[in-house]
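The structure appears right after this line, and notes come after that.
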Amino acid sequence: MLVVDDHPVFRRGMTALLRASGFDVVAEAASGTEAVAAAARELPDVVLMDLGLPDLGGAAATERITAAHPDVRVVVVTSYDDEASVRAALDAGADGYVTKDASPDQIVAAVEAARMGALWLGSGVPRPGATAPAPAPALPGLSPREAAVAELVGKGLSNPVIATRLGLSPKTVANYVSTVLLRLGAADRAEAIRLIRDRRSG
């Protein structure tokens with residue numbers, strides 16, 4: 001695991017909590033830039049990410065990490081509890097969101113959920129409306145809902161997480177993913193992710 005926070009006392013407290021709970025903390029970072037570099041170097045299974053970071057905000061760091069390393073999960077632990085911050089973190093690819101006044105049990109539960117590919121929002125965290133992202137112009141030929149699913153597939157998100165983001169059932173998401181793979185001509189999910197990212201950067 002990677003713990004990211006610019007306050008040394010809080011960061012070390014999180015590291016101690018995680019280690020006491022049986023997690024292996026491989027690195028710490030005090031800024032968004034350090035977090036991106038540490039994630040690339042260590043490839044942790046989960047990153048605990050603060051939002052208010054120097055030089056590169058937590059949401060931007062999350063987006064870079066999840067785009068470069070789809071298997072790395074991010075749980076935001078922050079003092080911000082407004083819907084805009086939650087939405088920004090989720091849109092960036094975060095798999096969990098808890099506030100810094102959350103109980104240790106909630107933080108551990110969020111980490112466990114992220115490791116299983118599930119979305120976790122702590123108590124008191126506002127639930128953003130389940131609105132679909134705008135369809136990607138780089139993915140022509142898809143319906144708005146298919147484009148929304150494709151965008152999240154391209155970010156490396158699992159079907160359960162996509163279902164939570166879009167307010168759909170996992171079965172419905174699985175059907176959309178199958179359709180997206182067919183329309184992209186992709187043999188599997190990994191190839192679909194590559195094609196989606198190539199088209200977005202092209």
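The values are calculated or read from the model by the stated rules, or taken from the named source; none is laboratory data. No experiment lies behind these values; they were computed from the predicted model shown. All Cβ positions, even for glycine, are placed from backbone atoms using ideal geometry, and neighbour counts span all protein chains on display.
Residue check: A67 meets all listed conditions (1) surrounded by 23 or more Cβ atoms within 10 Å (Cβ to Cβ); (2) more than 19 Å from G167 (Cβ to Cβ) but one, namely (1). Looking across the stretch 80-106 at every residue that is part of a loop (DSSP other than H, G, I, E, B) and of a type in the set (D, E, K, R), the one that is modelled with the highest pLDDT is identified as K100. Pairs linking a residue in the stretch 93-110 that is free of Cβ contacts under 8 Å to residues at least 12 places away in the same chain to a residue that is of a type outside the set (V, I, T) and assigned to a strand (DSSP E or B), with Cβ atoms under 9 Å and 6 or more positions apart or on different chains, are A109/G96; A109/W120. Considering each residue of the stretch 17-41, count those that are farther than 19 Å from K100 by Cα and surrounded by fewer than 19 Cβ atoms within 10 Å (Cβ to Cβ), and give that number. Final tally of qualifying residues: 8. Given the criteria under 13 Å from the mean Cα position of the chain (by Cα), within 14 Å of P44 (Cβ to Cβ) and of a type in the set (G, A, S), does A88 qualify? Here the answer is no, as A88 does not meet what is asked. V177 falls short of the stated requirement of being assigned to a loop (DSSP other than H, G, I, E, B), crowded, with 16+ Cβ neighbours inside 10 Å and at pLDDT 80 or above. Taking the stretch 18-74 as the range and being free of Cβ contacts under 8 Å to residues at least 60 places away in the same chain, charged (D, E, K, R) and assigned to a loop (DSSP other than H, G, I, E, B) as the test, the residues that pass are D24, D50, D55. Quick one: is A109 crowded, with 21+ Cβ neighbours inside 10 Å and modelled with pLDDT of 85 or more? Judged against the criteria, A109 is not a match.
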